[in-house]
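Here the structure is laid out as structure tokens; the discussion comes afterwards.
The values are calculated or read from the model by the stated rules, or taken from the named source; none is laboratory data. Here the structure is a predicted model, which means the values were calculated and not measured. Ligands, DNA and RNA are excluded from the accessible area calculation, which covers all protein heavy atoms including side chains. Shrake-Rupley method; radii C 1.70, N 1.55, O 1.52, S 1.80 Å.
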Amino acid sequence: MHDFQISRRHMLAGMAGTATLGLGGTAFAQVPALPTSPVSLNIVDAAGNLALTQPAFEAYRKANPKLVSRMTYTKAPAPELPGKIKAQQDAKRIDIDAVLTGIDVLSAGVEQKLWQPLFPGLQSKLPVLKDILLPEALRMQGQAENQAVCISYCPAGPIFEYMPDKVKKVPTTAEELLAWAKENPNKFIYARPANSGPGRALLMGMPYILGDSDPQDPVKGWDKTWAFLKELDKYIEYYPSGTTPTFKELGDGTRSMVASHAGWDINPRALGIVPKEAKIFTLKGFHWVMDAHYIAIPAGLAPEKLAVLLDLISYMMTPAAQAVTYDAGYFYPGPSVKNVPLSMAPEESQKIIKEYGRPEYDSLIADNPKEVPLPPAKLVVALRRWDEEVGARKSK
């Protein structure tokens, strides 16, 4: 765990008075006040975000013993979590206080109305996000539809990662990638998009690369993409349920090429899962499809817990807390707020990123368009369609 200290106790500004309604059956006549005795918080991670943020959560807990008695952390597979939250809400027995999520669970929760609306009703207890978020992170904040806060940011992908001793002719176009896969069956792999950041980046990035009619419409605008993925499927052995196995198989030589993104490229090499000499490439027509992690609160929590969580979120958006999200490059760069340079990160993070980062990222990030992912309802449709039409027979 990174050494981390809070320079000051972060207090929330503004007093309550705004009416808001929690969708889980709890109506708040006013923004709830902080409790007089500490509460325990159960934080569920469906995105691997704790690797970036747990030191900051712990720092908050240690600095606020009058608000938080303890924090427990659990991890959950993204596809299963929305159903679990919905069941708890229906039973009015919610034991999940906050969810750390990518756009997958966020989108499913927006569609199913699982989340406590935060804006504008609870704005007085939260930072003004348009003032503090990076421009790209502010665009990603729009994906939350006022029901979560963008806590970390990555330009993402789709990037392709390969072992140079196994791939002698590096593809430069989608057609060349397909030809390589055909010549090298079962040597390319990507994970199920519903539970994989690189998998989703590939799914949502191919419409730009292929010049589809509407990259934001997976039903009527992705004819080329669905055809491409079905053809590529012929040369893919199986689709892991999460991203980690793809990089383990790249590292042990089972695969020669995988779908990747900026963070997943840096972190597995820093951890020794993938050899340091692994290389990356992008395809002609490449657009970044950005990624983000969010913190969302299930609707229906007790007022005292909601009050503490709002305070916690506000702290997590400070530069001091954001600096730890550089981590070991897992979600490179990591911070979602402005004015958090690498020099603010823990020394270990600085060392890892300097050693395992790539100089080409600066130009890749600066010189290529950055797109927001599909909006929640369309992403749910795209993920479902991939499951049914592409991955149904081969997902593990």
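Values computed for the structure shown
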read-out	value
Order of exposure, largest accessible area first, which applies to Thr246, Thr172 with probe 1.4 Å	Thr172, Thr246
Calculated P(r) of segment 293-396 - Cα pairs past 19 Å, %	65
Convex hull volume per residue for segment 207-300, taking Cα atoms only, in Å³	158
Mean residue ellipticity (222 nm) of the chain, computed from DSSP H runs ≥ 4 via -39,500 (n - 2.57), nearest 500	-11000 deg cm²/dmol
Scattering profile of the chain at q = 0.06 Å⁻¹ [log10 I(q)/I(0), Debye over alpha-carbon scatterers]	-0.23
Overall Cα dimensions of segment 313-368 - principal axes, largest extent first, Å	33, 26, 17
D (Stokes-Einstein, µm²/s), Kirkwood Cα radius, segment 82-236, 0.890 mPa s at 25 °C	133
For segment 292-339, Kirkwood radius (reciprocal of mean inverse C-alpha pair distance, Å)	12.1
Greater than 30 Å apart at Cα, pairs in Lys75/Lys276; Lys113/Lys279; Lys351/Lys394; Lys220/Lys248; Lys182/Lys279; Lys113/Lys234	Lys113/Lys279; Lys351/Lys394; Lys220/Lys248; Lys113/Lys234
Degrees separating the helix 81-90 axis from the principal Cα axis of the chain, which is the longest one	30
Whole-angstrom gap from segment 245-295 to segment 336-396, using each part's C-alpha centre	10
Part-to-part distance (alpha-carbon centres) for segment 205-240 and segment 58-124, which is given in Å	32
Kirkwood Rh and Cα Rg combined as Rg/Rh, segment 99-147	0.96
Angle between the chain longest axis and helix 376-389 axis [Cα atoms, degrees, rounded to 10]	40
Helix 103-112 vs. the chain, principal-axis angle (Cα, 0 to 90°, nearest 10)	60
Ratio of the Cα radius of gyration of segment 227-370 to 2.2 N^0.38 Å, where N counts its residues	1.26
Convex hull of Cα atoms in segment 40-117, direction-averaged projection (nm²)	5.4
Å³ per residue enclosed by the Cα convex hull of segment 77-173	155
nm² value of the averaged projected area, convex hull over the Cα atoms of segment 148-220	6.8
Fraction of antiparallel bridges per DSSP, the chain only, in percent to nearest 5	60
